[in-house]
Amino acid sequence: MNRRTFALGAMSALSATQVIGANDRVRMGLIGSGGRGREDWDTFLKQPEVEPVAVCDVYEPFLQKGLEMAAGKAKPFHDFRKLLEQKDIDAVIVGTPDHWHALMTIAACEAGKDVYCEKPLSLVASEGRKMVAAARKNNRVVQTGSQQRSGSHYAAAVKLIQDGGIGEVHRIQCGFQRNAFPGFKPTEMADGKTTGFDYDMWLGPAPKRAFDPFRCIYNFRWFWDYSGGQMTNWGAHHLDIARWIVGAEAPMVVSGMGGRYGLTDGGETPDVQMVNFQFPKVVVTWTVSEIAEGPKGATIDVYGSKGMMSLTRPGFQVTPEQVGSKGEKKPAMEALKMKGADLNVQHARNFLDCVKSRKRPNADVEEGHRSAVMCHLGNISTRLGRSLKWDAAKEQVVGDAEANTMLSKAYRGPWKLM
Ligand SMILES: NC(=O)c1ccc[n+]([C@@H]2O[C@H](COP(=O)([O-])OP(=O)(O)OC[C@H]3O[C@@H](n4cnc5c(N)ncnc54)[C@H](O)[C@@H]3O)[C@@H](O)[C@H]2O)c1
């Protein structure tokens, strides 16, 4: 395999998707017209078969932005249940914070809609299993919004590694490093006024708390009530790829450490975290730093006996190992490189193609669930300060009742999972 083969492979994958029936319309609704929801909306609206029908948000300025993008073709909704009652919608994007993903995805499946649900698929492990069940019971296409799964260069990288192209692989290092010191600030409603914001409907199943703009738009990520920090934010992307490379459903042992040591913004999730995941003969490590970026940002480094692959969104690069006796070392393989194409487009295309073919998408709900579980276990281990043994078949932590209580979460009424 060389650079040329990869480029050709990527081209044929793209042209194949472009050929598939652009005639059948897919009528779509957007639930959660925030930062990522609008990015997804923009990508989908550029696909020839997509017709925008509805936009739902509980924050008026963002609802208006989503409607404007649809150029008058979409109807506004404040309550996603009303949007799901519309018969003229085939598929919905769920772009809300994580604490809503399960409720909305399951309700959408029950309403007969296909779903593109943003990552991380779930807030807690037990939700994901119910989401898989709802998708299967209603025969729905449910794509997790882990766009790296559809990246042609990620697929080529996984194939190269699994075919032994970089030698034996026993260690994968994934991470996210940036300097966010001394912390984050509210991005909306910083004056504390909630005009045009339905806070109760934003909270939904999450515990009732006094309004604080810092907890809501974008920064919900740093609070356990709604999300899981960088572990479930970037971890959901990178650990998904690591798990794909390893070819396993789940790790056997998870051991995490870290905390919110340096950021003083009131957030709860770790700003420094390291988690080791034990797979058969492979250790996957996840590291986060929000305090200092250092030489690299978002990374997946795969260490093979013949070469080390650095796999990022723009592409991958394999640096050969130097092998042989002292003075006669030579590269164990050829240096390789591959450029990536637009991940969002490839992932949206895969979803739309599956909506038509009824095939399982690249980031099928089951895969999204398993990768989210990996992240949740990382956080549970970090918070409890001990290693966890995972029984993937039972989806239970072995011999740790306290850890098992953290696999699910009580919902604030009247919200409950179907
Ligand atoms: N795939 C990616 O690369 C990627 C990138 C960024 C974010 N995300 C994911 O997207 C999700 C949203 O993140 P974000 O950064 O866009 O957050 P955000 O706060 O900017 O947007 C979330 C939106 O959902 C709305 N919302 C909340 N409750 C709602 C309800 N009950 N009904 C309708 N709308 C509701 C909010 O008002 C807000 O407009 C998260 O799960 C995040 O992990 C994925």
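For this structure, a couple of remarks:
- Dimensionless Rg/Rh of region 77-146 - Kirkwood Rh, Rg from C-alpha atoms: 0.93
- In region 151-256, the convex hull through the Cα atoms has an average projected area of 10.2 nm², a quarter of its surface area.
- Relative contact order [Cα under 8 Å, 6+ residues apart], the chain, whole percent: 20
- For Gly304, nonlocal amide neighbours, meaning residues 5 or more places apart or on other chains whose placed amide H falls under 5 Å from its own, are Met309.
- Alpha-carbon centroid distance for the pair region 260-327 / region 343-418, whole angstrom: 22
- Per residue, the average separation of C-alpha pairs within less than 8 Å and at least 6 apart gives region 236-315 a relative contact order of 22 percent.
- Cβ-based exposure ranking for Ser255, Ser289, Ser408, in which fewest neighbours within 10 Å come first: Ser408, Ser255, Ser289
- Coordinate range along principal axes, alpha carbons of region 140-185, Å, largest first: 45, 36, 16
- As a ratio to 2.2 N^0.38 Å, the alpha-carbon radius of gyration computed for region 217-267 takes the value 1.38.
- Average silhouette area of region 252-389, convex hull of alpha-carbon atoms, in square nanometres: 12.6
- Three principal axis extents describe the C-alpha atoms of region 60-215; from largest down they are 58, 47, 35 Å.
- Under the span-like rule (Cα at least 18 Å along the axis, Kyte-Doolittle mean at least -0.5), DSSP H helices of the chain: 3-19, 98-110, 343-357, 365-384
- Hull shadow area, averaged, the chain [alpha-carbon convex hull, nm²]: 21.2
- Across region 189-344, the relative contact order, built from alpha-carbon pairs under 8 Å that are at least six residues apart, equals 12 percent.
- Potential extension, Ala392-Arg171 segment - 0.36 nm per residue separation minus Cα distance: 77.5 nm
- Rg and Dmax of region 334-418, Cα atoms only, in Å: 18.6, 60
- Stretching the chain fully between Glu39 and Met257 yields a gain of 75.2 nm (0.36 nm per residue, less the alpha carbon separation).
- Scaled against the 2.2 N^0.38 Å expected of a compact globular protein of N residues, the Cα radius of gyration of region 73-114 reads 1.09.
- Summarised in one figure, the compactness ratio Rg/Rh of region 227-296, Cα atoms and Kirkwood Rh, is 1.00.
- Sorted largest first, extent of region 306-376 alpha carbons per principal axis (Å): 58, 29, 18
- Residues in region 267-282 carry Karplus couplings, in order, of x, 10, 7, x, 9, 9, 8, 9, 10, 9, 10, 8, 10, x, 6, 9 Hz; the curve used is 6.51 cos²θ - 1.76 cosθ + 1.60 with θ = phi - 60°, and Gly or Pro positions show x.
- Nonlocal amide H pairs with Val50, under 5 Å, H built at 1.01 Å: Val26
- Percent of beta bridges antiparallel (DSSP, the chain, rounded to nearest 5): 60
- Structure note, pairs Lys159/Lys339; Lys82/Lys113; Lys281/Lys329: Cα-Cα distances above 18 angstrom occur for Lys281/Lys329.
FYI, it's all coordinate maths here, none of it is from the lab. Here the structure is a predicted model, which is why all the values come from computation and not from measurement. Heads up, the Cβs are rebuilt from the backbone with ideal geometry, glycines too, and the neighbour counts pull from every protein chain shown.
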